[in-house]
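The values are calculated or read from the model by the stated rules, or taken from the named source; none is laboratory data. Note that the structure is predicted; figures quoted are calculated from it, not measured. Here Cβ is always computed from backbone atoms with ideal geometry, including for glycine, and neighbour counts include all displayed protein chains. We work out accessible area using only protein heavy atoms, side chains counted, and drop any ligands, DNA or RNA first. Shrake-Rupley method; radii C 1.70, N 1.55, O 1.52, S 1.80 Å.
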Amino acid sequence: MGSNRDIREKIQNGSYQNQYHEELSDREITSIWRKWVFNQAFESQVAKAIQDKRIYVPSYLSMGSEHVPASLFHVLKGYHLFAQHRAHSYYLSLGGSPDRLRDELLGLETGCARGRGGSASIHDPAIRMWGHSGLMGDQVPIAVGMCLASGEKTITVMGDASGEEDYVLAAFGFAATKKLPILFVCEDNDFSILTKVETRRSWSITDVAESFGVASREVDDSPGEIIGATKELSVRLPALININIARGGWHAGYGTDGPPEWNRMERFKSSYLGTQLESELSEIEEEERDRASNIWNSAAV
Amino acid sequence: MKTAEVISTLTEELIRNHKGLVLGQCLTAVGWVGGTVPKLPEDPGLIELSMADVAGGSIAVGAALSGRRVIYIVRYQGFMWYNAASVVNYAAKSKDMWGIPCPILVRGIAMDGSIGPVASGVSHAMIARMPGIVVTAPMSGSEWEQVYNWWLNHDDPVYISESRRSFELDEGMGNTISDNPVATLIAVGAARISAEETLALFKTDSINVSNFGVVWLKPLALSSELIESVRQSKVSVVVDSDYESCSMATTIAHKLQQLTGRRVDVLGLEERSAGFSRESDNTTPSSSTIHNYVLKRLETENMVNK
C-alpha cells in the first residue's frame, strides 16, 4: 500500500485508488448522511459550549471523523464497543441518547456515565458501549478479554498513537491465537497530539497486525471504502481496519491549526451535486443541525 | 489440607460450578503453579495467556467485565508492576465510574529470596495505593478460603498477595496473645512465619510477646485484641515482606498509632535492590532480625523510662 505519507498524499490530491466499489442505495446514502451531519452538528455545539465555558473539562471532538462510526455501524450490529477519547460520534452513531451525552459533557448526573466520565470515558450499557479508563489503548486488550469471555462480537477503536502501545500489539496476537470475533479499528489521523506518524515509527499497523494473523486493510475515509472493508472483514474476524482520516481540530478543545488535509464532508456532498439527491441531502443537513441546536438549547445548564 | 490444595480445590470449583475463568501464564506447566491450579489442561475455563504481561492483565480485566468470575494468576508478584495497569485503572474504578462491577480475583505470588531484583518480595502496597480494590494476604488454607468466599459473594475486585511459602502450610496460623505483653508483633504474609519463629526466642528470654497476623490489608481489619495488646506493650513492630517506605506496614503502624497513642515500628525489606546471590539477596526479615530489633527497642525504651 505504500508508506503512511504516500497514502495520505494520494488521498489529499485525489489520486487514491479505491479498493472497494460499494454501490450504496439512495436510502443508505441518506441514512449515513443523516448520522454524519448530526454528529458534526453535535460536535459544533460542543465546541460552542467549550467556548462559552459551559463545558470546563478536556473534551475531544471527532471533527473530521464523524462519518467513520456512521459508516461502520451501517454494517455492524449488536457488537460490544470499546473506544477511548474522541468517541462522541461513536456513541451517537450507535444509537446513544444525545441528551445523555450532552449532560455527560456538562458533568451532570443525568449523563450517560453519570457525569463522571466526561468526554473521554463515555459509557452506556444500553448500547453496549463500555467506558474507558483514560489509559491510552487499554480498551484494546480489555475488549479482547470481553470477547474471549463472552464469545460475543466486539469492536474496539483506537488512534494511530494508542495503536503503538505494546499491549495493543500483544492483544492483536492473542486475538489471532484464539481466533476471536473482534474487529480492531484504527482511526489514523497521523497525529499523536501534533507528532506525526513518520516521526514516531517506521512500521504500519496493518503490516504488524497481518503478521500476527489478523486480516487487515488500509483504507481512506470515504464511506464506501469503510463500508466495503467492514463488510469484507466482519466475516473474517479477528480483523483490523486502519482508516486514514483528516483531523478537523485540535487534539483537545475546539480550535484548529488551519484547514484539514482534506474535507471528506465537502467531497462527499459535492459528489452528489446535480443529482437528485442534492436537495435531499441539504434538507437532511438542515434538519439535523436544527435538532442538534435544539438539544443543546434545552440543556439544564 | 495444605494451602495449595485448598486453592486448587476452590479454583476447580469456580471453573466447574460458577462458569469461572482462570487466566495466566504457564498455568499448565510442570508444577501447576505450585500445585495451586487444578490439572484441567483441556478445560476451556483454564486459559493460557501469552507472555505479554500488560496485555494479559488487561485481557483478564475485560473477561471479568463480562460478568464471569475471573481468577488471574501472576506467577511472580514483582511482575505486578506490568500487570497492575488495568487491574487498578479499570477493574478497581469500574463500579465507581460506571456502576459496572469487574470482580476479578488477582493472585500475585511472591517468592521469598533467590529471585533477583524484579520478582523478589511482595508489592501489595502498590495495589493498595489505588481506590476500589480489596487487598489481602492470607497464608493458611482457611484464610484463603475466607477471602475467596468473600470475593464470590461480593462484586469488588480482590487482590491476594500470596507467598510460595504458604503453599506447604497445612495448618492455620493463629495469633498468640500473651498476658501483660512487653512486645507485640503484627505480621503480614510470609513475615508471619518469621514472627511465629521469633516467639521461641522470646520465650528463652522470658519476655512476654504477643503475635498477630493481618490478612485484610485494605480495608484494614485490626482485631480489638491486637489493638489492646499494642496499647499494653512497650514495643510494637509491624513486619512485612515489602519495603518499609510507602508500605502496608507503615499504613498499619500509622493506624495503630492513631488508635493507641503508642509508637509502632516497622520492619521490612532493606532499602536496596535485591540480587540473586545469597549475600545480595533481600528477604523477609528473619526471626533473628525481628528478635534483635525488638530487644534493641526494648533496651531504648527501658533507658528512656529509667
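Of note:
- Extension gain from A:Ser298 to A:Lys179, taking 0.36 nm per residue of separation minus the Cα-Cα distance: 38.2 nm
- When chain B is treated as a GNM with alpha-carbon contacts under 10 Å, the residue of B:Met51, B:Met130, B:Met80 showing the greatest mean-square fluctuation is B:Met51.
- Here the Karplus relation 6.51 cos²θ - 1.76 cosθ + 1.60, evaluated at θ = phi - 60°, turns the backbone of the range B:229-237 into coupling constants of 5, 4, 4, 7, 7, 6, 9, 10, 9 Hz, with x for every Gly and Pro.
- Nonlocal amide H pairs with B:Ala110, under 5 Å, H built at 1.01 Å: B:Gln77, B:Glu162, B:Ser163, B:Arg164
- For chain B, radius of gyration divided by Kirkwood radius, i.e. Rg to Rh on alpha-carbons: 0.99
- Per residue of peptide A:127-140, the mean number of Cβ atoms on other chains within 10 Å of the residue Cβ is 4.
- Computing FRET efficiency as 1/(1 + (r/R0)^6) for A:Asn263 and A:Glu152, where r is the C-beta to C-beta distance and R0 is 30 Å, gives about 0.25.
- Helix-only arithmetic for chain A: the sum of -39500 (n - 2.57) across DSSP H runs with n ≥ 4, divided by the residue total, places the mean residue ellipticity at 222 nm at -13500 deg cm²/dmol.
- Total accessible area lost when B and A pair, probe 1.4 Å, Å² to nearest 100: 2000 Å²
- Reciprocal mean inverse distance between Cα atoms of the range A:1-156 - Kirkwood radius, Å: 16.9 Å
- Between A:Ser216 and A:Leu240, the built amide H atoms are under 5 Å apart, and every one of these is 5 or more places off in sequence or on another chain.
- Two-site label geometry, A:Val235 and A:Arg54: point separation in nm, points 7 Å out along Cα→Cβ: 4.6 nm
- Hydrodynamic analysis of the range B:39-106 uses the Kirkwood radius over alpha carbon pairs. Inserted into Stokes-Einstein at 37 °C and 0.692 mPa s, it gives a translational diffusion coefficient of 265 µm²/s.
- Within the range A:132-280, the proportion of Cα pairs with more than 17 Å between them is 64 percent.
- As a calculated quantity, the FRET efficiency between B:Asp155 and B:Lys19 at R0 = 22 Å, using C-beta atoms, amounts to about 0.90.
- Stokes-Einstein D for the range B:42-195, Kirkwood Rh over Cα pairs, 37 °C, 0.692 mPa s (µm²/s): 200 µm²/s
- Using a Förster distance of 60 Å, the FRET efficiency for A:Asp207-B:Ser280 (Cβ separation, nearest 0.05): 0.85
- Cα-projected label distance for B:Leu259 with B:Val30, points at 7 Å along beta-carbon direction, nm: 4.6 nm
- Surface per residue (accessible, 1.4 Å probe) for the range A:137-258, Å²: 31 Å²
- With all protein chains in place and a 1.4 Å probe, the accessible surface of the range A:75-196 carries 53 percent carbon and sulfur.
- Residue-averaged 222 nm ellipticity for chain B, from DSSP H runs of 4+ at -39500 (n - 2.57), nearest 500: -12000 deg cm²/dmol
- Of the solvent-accessible surface of the range A:1-52, computed with a 1.4 Å probe over protein heavy atoms with every protein chain present, carbon and sulfur atoms account for 41 percent.
- The Cα atoms of the range B:168-276 give a gyration tensor whose axes a ≥ b ≥ c have a/c under 1.5, which makes the shape rounded.
- Length added when fully stretched, A:Ser279-A:Asn13, from 0.36 nm per residue minus Cα-Cα: 93.0 nm
- Counting Cβ atoms of other protein chains within 10 Å of each Cβ in B:68-75 and taking the mean gives 1.
- All alpha carbon pair distances within chain A were sorted into 20 Å bins beginning at 0; the resulting P(r) in whole percents reads 35, 60, 5.
- Each listed q (0.06, 0.07, 0.12 Å⁻¹) maps to a log10 I(q)/I(0) for the protein assembly as shown from the Debye sum over equal C-alpha point scatterers, namely -0.40, -0.52, -1.12.
- Integer Hz, Karplus 6.51/-1.76/1.60 couplings in order for the range B:49-63, x for Gly and Pro: 8, 6, 7, 7, 5, 5, 5, x, x, 6, 4, 4, 5, x, 5
- A:Lys77 versus A:Glu198: modelled label distance in nm, points set 7 Å from Cα along the beta carbon direction: 4.3 nm
- Residues in the range B:84-105 that, when all protein chains are in place, have 30 Å² or more less accessible area than the chain alone would give (probe 1.4 Å): B:Asn89, B:Tyr90, B:Asp96, B:Met97, B:Trp98, B:Ile100
- Averaged over B:45-53, number of beta-carbon atoms from partner chains that fall within 10 Å: 3
- Taking the protein heavy atoms of the range B:91-250 in the context of the full set of protein chains, the accessible area attributed to carbon and sulfur is 50 percent at 1.4 Å.
- Solvent-accessible surface (1.4 angstrom probe) belonging to A:Tyr254, in square angstrom, nearest 10: 110 Å²
- Viscosity 0.692 mPa s, 37 °C: Kirkwood-radius Stokes-Einstein D of the range B:218-293 over Cα pairs, µm²/s: 244 µm²/s
- With the cut-off at under 18 Å, measuring from each backbone N in the range B:147-166 to a point 7 Å along the Cα-to-Cβ line of B:Glu5 picks out B:165-166.
- Accessible surface, the range B:237-306, averaged per residue in Å² (probe 1.4 Å): 56 Å²
- Here's the picture: charge each Lys and Arg Cβ at +1 and each Asp and Glu Cβ at -1 in the protein assembly as shown, and of A:Leu106, B:Gln146, B:Leu27 the one pushed furthest to the positive end of that dipole is B:Gln146.
- Extension gain from A:Leu108 to A:Leu24, taking 0.36 nm per residue of separation minus the Cα-Cα distance: 26.3 nm
- Separation of alpha-carbon centers, the range B:104-171 and the range B:20-69, rounded to whole Å: 16 Å
- Given A:Lys153/B:Lys218; A:Lys178/B:Lys2; B:Lys19/B:Lys93; B:Lys39/B:Lys218; A:Lys35/A:Lys231, the pairs whose alpha carbons are separated by over 30 Å: A:Lys153/B:Lys218; A:Lys178/B:Lys2; B:Lys39/B:Lys218
- Each of A:Trp250, B:Trp150 has its accessible area taken with a 1.4 Å probe; listed largest first, they run A:Trp250, B:Trp150.
- A:Gly248 long-range amide H proximity, modeled H, under 5 Å: A:Met63, A:Gly64, A:Ser65
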